[in-house]
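A.B. asks: Quick one: this structure, given as structure tokens, is what I'll be asking you about.
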Amino acid sequence: MIRMSWPRLLASVFLVSAAATTAAAHHGWSWAEADQIELRGTIRSISFAPPHPSMEVEAQDGVWRVELGNPNQTKRSGFVEGKAEVGDAIVALGNRSTDPNEKRLKAVRITVGDKTYDIYPERIQTN
């Protein structure tokens, strides 16, 4: 039988809990439809904070939450603070939530003015 001290046991429980929480929080694309849509609107709010930069976009049918890539991936696309502001018109291409009552989009590409930012270039569907 293996004997473990209380501090080691507690540390092990903490590490397993932290890993499970991180895995649950990193939900990937499982909540999004396979087909992509184009969302046009005006930025109401924008945040570059982890875990995922995001925006609220006022569209014709209401306010949408637009999620971008993780902070490093979003930065690599060139979309950083100052590239868009509240009130700017935006076009977001991405995968909407599978829940038809939820106005939520995982963006693969966003366009602000005449500048396009490919957040997930490998996921962009062209027809």
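A.B. asks: For segment 64-80, give me each residue that is outside any loop (DSSP other than H, G, I, E, B) and loosely packed, with under 14 Cβ neighbours inside 10 Å.
C.D. replies: Result: N72, single match.
A.B. asks: Further, regarding this structure: Give the residue that is surrounded by the most Cβ atoms within 10 Å (Cβ to Cβ), with candidates limited to residues of segment 106-117 that are more than 17 Å from G28 (Cα to Cα) and in contact with a strand residue (DSSP E or B) (Cβ under 8 Å, 6 or more places away or on another chain).
C.D. replies: Result: I110.
A.B. asks: Six or more apart or on different chains, Cβ under 6 Å: which pairs go from a residue in segment 86-112 that's touching a residue at least 12 places away in the same chain (Cβ under 8 Å) to one that's surrounded by fewer than 13 Cβ atoms within 10 Å (Cβ to Cβ) and assigned to a strand (DSSP E or B)? Could you list them?
C.D. replies: V91/R40; L93/E38; R96/I37; K103/G62
A.B. asks: Go through segment 59-74 and give me each residue that's at pLDDT 95 or above and over 16 Å from G94 (Cα atoms).
C.D. replies: Q60, D61, G62
A.B. asks: A further question follows. Pick from segment 50-85 the residues that are in contact (Cβ under 8 Å) with a residue 12 or more places away in the chain and among the small types (G, A, S): which of them is farthest from T111 (Cα to Cα)?
C.D. replies: Of everything passing the filter in segment 50-85, G62 is farthest from T111 (Cα to Cα).
The values are calculated or read from the model by the stated rules, or taken from the named source; none is laboratory data. Note that this is a predicted model, so its numbers are computed, not measured. A quick note on method: Cβ atoms are made from the backbone with ideal geometry, for glycine too, and the neighbour counts reach across all protein chains shown.
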